[in-house]
Every structure is written in structure tokens, then in C-alpha cells.
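Participant: Next up is a structure, given as C-alpha cells.
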Amino acid sequence: MCPTTTDFNTVDHSGGHLTVNLGSIAQNWRLLAKLAAPGECAGVVKGNAYGIGLEPVAHTLWNAGCKTFFVALPQEAFELRTYLPDATIYCLGGLTPTGAADYAAHRINPCLNTMDEVREWAALDGEHQAALHVDTGMTRLGLTMEEASSLALDNALLGRLNLTHVMSHLACADEPTHPLNNVQIANFEQVRSLFPGLPGSLANSAGTLQGARFRHDLARPGIALYGGQSVVPAPEVLHPVVTLEARVMQVRLAKAGDIVGYGATKTLERDSRIAILGVGYADGYHRLVGNAPDAHVMINDQPAPMLGRVSMDLIATDITEPHFDDVRPGMFVELINSKLTVDVVAGWAKTIGYEVLTGLGPRYRRTFLGG
Ligand SMILES: *Cc1c(COP(=O)(O)O)cnc(C)c1O
């Protein structure tokens, strides 16, 4: 579990509170599993479960009924194995050179991404499971279509591989009308026909949410489990998962004409009351949010505008309006909640909710609800 700043103290000294609703993650997985049926629904937990915390998320998904997990890196796979001794675990990053024996020892199934990896896994003993990853148009990891075609004819090599699935990954499933979706679907059908009887896995969150043509036998949703937006427009059915609050460190008065923050990018237009908050870009709250139009935090259900740049550890917000009169040092105000979502904050930072989530820093006091 993630370290907290309060483990050794009786008082909460943290600048920010991150509350994770594990019950919402379980609900989101069940919903995606229903959509994926009759296929299986896995859970993608790479990047410390998208910044949320691998151990609590792994137990939550397992208890909800998820039996198959995907991570990116072998060290994530080995860590996950210590939490879930009976889960099926795939490593999307494939094999580390000469590392196959470690994978086998931890019962980690590599997603074989190159012919070298295919041969290395085949050389092991032919008993351990793997997925075959074919690139259908993203030009990232995976065998080329040509390599997959040759492999399909190589019965000697195939006979020494215990393949569970053939898989591929979608580049544009977040844009349902993008023409690459149909190209990738057609290419994947072709790849599947090369390996008759082998189950297929194509859909990420966006694919799982969109329809049967993406789904095949094993869905691999990540972001949707964590309440992030994967398709535009977003389906309303998923539950928000994280709440982020920052401590009010100081409340101060300033005059019209005063500047606020690094670079003096903000000049106050009126005499103002300002709250300085104890979260910054070192916590993953992006520096660019500071001067984005409309960027704000929520205090007593009212938006309090950002003032100037986000610093490494601090944010300045405008609390001049009378409905903020009761704001005092020590209070916590909301940076992310069920309406002010990771995707809204991501928009201000000119990025996507994935990056806001995976960037959630180690300094927050983390609380896990439900699960
Ligand atoms: C990250 C990843 C996923 C999950 O994608 P989401 O958009 O988060 O659902 C699925 N498959 C592969 C290969 C990935 O890299």
C-alpha cells in the first residue's frame, strides 16, 4: 500500500487527502463484466492501478469476481502475484531478455510482442501460458501481421507455445467514428482466422463500452474501472472513484494590483481574500491548471478560482466572495470530486484523465472506502 505522511504521528500533517471509493471500482468492474459477457472481463492494473494503489485495487477486483489481470511491467506482475496468489496475470510489456524463467517461477503470462520473445518462451518448456500480441495498426508493441502469418504456419514452434489468447490493442477507440477502428477490427479478424480456436482479446475500456464488434473473448478495461472517461461522449453509467482535497495552509488579504505566484502571471483586479492550499505539481496537480480559464477548486459547493501558477507544493485560490467567509486554515477543500472529475482537471491541464490519475502523488493521506 502507498506510504502516508501520517504513519508515525498522531496528528494528520498531510497537505492533501485522497479518498478512493473501492466500492465504486467493484461496481464499475461488474458493469463492464456485464457488457463483456459472454466473454470474460479482466482488470488492467498497470501504473499502480492507474495511480490509485495496486494492493487495495487488486483485492477489490478479485473479490468482485475478476480473475484475470494485466500489468505493464514485470516488477508490477511480481508484486501483484504476492497479493493474488491464484490470479491469472499477464504482463503487457512482454518478456525481459533472458528473464523467462522468472516469469515462469511467478506464473506470469507474458504478452509475446516479438518473434524473439516467442522463441524465448517456446524454449522454456512449452507448458507455461502466454498471449500472442499482434499489432493491427497502432505501430507500438506486437508482432507484425506478416510475422503472425508466418508463425501460424510454423507448427513446430506453435507446438511449444501454450497460447491462451491472441490479442491486439486499439489506437482510437475513444473516437468511435475514427476510420482506424474499422481497419483494426478487420485486421484482428484476419489474425484470428490464422489461429482458429484461439480466444481473442481486443477491447480496452472504450472498446468494451462501445459494442460487440470490439469485444471478442477477453475485455481489458483499465481507465473505466477508475471512473475516468474513455469515450467521447462519456457514458453516464460509471461511478466516480477518487476525491482529492487540499488543506488550507494560510488565508491572506491582498490589494488590487498585487501579483500572485511564480512568474507574476496573475495581477489582482480587486482587493482579495486568498486561500493558499497544500497541494502542488509535486503531488501530480498539474502546473498548467493554474492559468487555465475557469480553473477552480470547490469550497462549500462553490467554485473558488485559481490564482496564478500552481507551485510545486502550493496553490492559490480566490476566496473573496462572501460565501467563502468561513474559510479558515486547517479546512480541506475539494480539487477532484464526483462533478469536478479527473477529466475536468485534465482538460485545464491540456491532458487526459489517465495522466491526472496516474500522476496522483505519494504525499497524500490515502483513505480507501468500501471494497
Ligand atoms: C492500458 C492498456 C489497456 C487498458 O486501456 P484503457 O483505455 O485504460 O481501458 C488495455 N490493453 C492494453 C494493451 C493497454 O496497454
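Participant: With every protein chain left in place and a probe of 1.4 Å, what is the accessible surface of Glu76, to the nearest 10 Å²?
Facilitator: 30
Participant: Apply the Karplus parameterisation 6.51 cos²θ - 1.76 cosθ + 1.60, with θ equal to phi minus 60°, to every residue of segment 92-106 and state each ³J(HN,Hα) to the nearest whole Hz, in sequence, with x for glycine and proline.
Facilitator: These are the phi-based 3J(HN,Hα) values: 5, x, x, 8, 7, x, 6, x, 4, 4, 5, 4, 5, 4, 9 Hz.
Participant: Mind checking which of Leu92, Leu268, Leu180 has the largest fluctuation in a GNM of the chain, springs on alpha carbons under 10 Å?
Facilitator: It is Leu268.
Participant: What accessible area per residue comes out for the chain, rounded to a whole number of Å², with a 1.4 Å probe?
Facilitator: 44
Participant: Then there's this: Would you rank Asp174, Asp12, Asp294, Asp102 by solvent-accessible area, highest first, keeping every protein chain in place and using a 1.4 Å probe?
Facilitator: Asp294, Asp102, Asp174, Asp12
Participant: Would you list Thr351, Thr139, Thr208 from the most to the least accessible area, probe 1.4 Å?
Facilitator: Sorted descending by solvent-accessible area, the residues read Thr139, Thr351, Thr208.
Participant: OK, next. Taking the inverse of the average 1/r across all pairs of different Cα atoms in the chain, what Kirkwood radius in Å do you get?
Facilitator: It works out to 22.3 Å.
Participant: List the residues whose amide H sits under 5 Å from the amide H of Gly94, counting only those 5 or more places along or on another chain, with H placed 1.01 Å from N in the peptide plane.
Facilitator: Hits under the 5 Å cutoff: Cys111.
Participant: If the elastic network links every pair of Cα atoms under 10 Å, which of Leu153, Leu209, Leu95 fluctuates the most in the Gaussian network model of the chain?
Facilitator: Leu153
Participant: Within 11 Å, Cβ to Cβ, of His296, how many net charges do the neighbouring residues add up to if Lys/Arg are +1 and Asp/Glu are -1?
Facilitator: Around His296, the charge tally is -3.
Participant: Normalised by the residues of segment 242-369, what does the relative contact order come to in percent, with Cα pairs under 8 Å and at least six apart?
Facilitator: Value for segment 242-369: 30 percent.
Participant: Right, next: Expressed in nm to one decimal, what extension gain is obtained for the pair Asn63 and Met298 from 0.36 nm per residue of sequence separation less their Cα-Cα distance?
Facilitator: Contour length minus Cα-Cα distance gives 81.2 nm.
Participant: In whole percent, how big is the carbon plus sulfur part of the accessible area of segment 242-369, probe 1.4 Å, protein atoms only?
Facilitator: In segment 242-369, the share of accessible area belonging to carbon and sulfur is 53 percent.
Participant: While we're looking at this one, here's another question. Restricting to DSSP H runs of at least four residues, report the calculated mean residue ellipticity at 222 nm for the chain, -39500 (n - 2.57) per run over all residues, nearest 500 deg cm²/dmol.
Facilitator: -8000 deg cm²/dmol, from helical runs alone.
Participant: What does the accessible area of Arg365 come to, in Å² to the nearest 10, when a probe of 1.4 Å is used?
Facilitator: Roughly 80 Å² of Arg365 is accessible to a 1.4 Å probe.
Participant: Based on the alpha-carbon gyration tensor of segment 22-226 and its eigenvalue square roots a ≥ b ≥ c, which shape applies: rounded if a/c is under 1.5, prolate if not and a/b is larger than b/c, or oblate?
Facilitator: oblate
Participant: May I ask you to derive the relative contact order of the chain, considering only C-alpha pairs under 8 Å and at least 6 residues apart, and to give it as an integer percent?
Facilitator: This gives 20 percent for the chain.
Participant: Let me have the relative contact order for segment 22-226, percent, based on Cα pairs under 8 Å that are six or more residues apart.
Facilitator: This gives 21 percent for segment 22-226.
Participant: Residue by residue, what Karplus-based ³J(HN,Hα) values in Hz, rounded to whole numbers, does segment 206-218 have, using 6.51, -1.76 and 1.60 with θ = phi - 60° and x for Gly and Pro?
Facilitator: 4, x, 4, 6, 8, x, 4, 5, 8, 8, 6, 9, 8
Participant: Then there's this: Using a simple spin-label model with points 7 Å from Cα along the Cα→Cβ vector, what separation in nm is obtained for Cys172 and Glu355?
Facilitator: 2.1
Participant: So which lysines can Lys255 reach, going by Cα to Cα under 23 Å and dropping same-chain residues fewer than 8 places off?
Facilitator: Lys266
Participant: Over segment 22-226, with every protein chain in place, what whole percent of the accessible area is carbon and sulfur at 1.4 Å, could you tell me?
Facilitator: Whole-percent figure for carbon plus sulfur exposure: 54.
Participant: Work from the charge dipole of segment 22-226 (Cβ charges, +1 for Lys and Arg, -1 for Asp and Glu, about the Cα centre) and give the residue of Val166, Asn155, Gly211 farthest towards its positive end.
Facilitator: Positive-end residue among those listed: Gly211.
Participant: Assign unit charges at the C-beta atoms only (+1 for Lys and Arg, -1 for Asp and Glu), then state the dipole size of the chain relative to its Cα centre in Debye, rounded to the nearest 20.
Facilitator: Computed about the Cα centre, the dipole is about 380 debye.
Participant: What is the dipole size for segment 22-226, taken about its Cα centre, with +1 at each Lys and Arg Cβ and -1 at each Asp and Glu Cβ, in debye to the nearest 20?
Facilitator: My answer is approximately 620 debye.
The values are calculated or read from the model by the stated rules, or taken from the named source; none is laboratory data. Note that the coordinates shown come from a computational prediction; the quantities given were computed from them, not determined experimentally. Cβ coordinates were reconstructed from backbone atoms using ideal geometry, including for glycine residues, and neighbour counts include every protein chain displayed. With ligands, DNA and RNA removed, areas are computed over all heavy atoms of the protein, side chains included. Shrake-Rupley method; radii C 1.70, N 1.55, O 1.52, S 1.80 Å.
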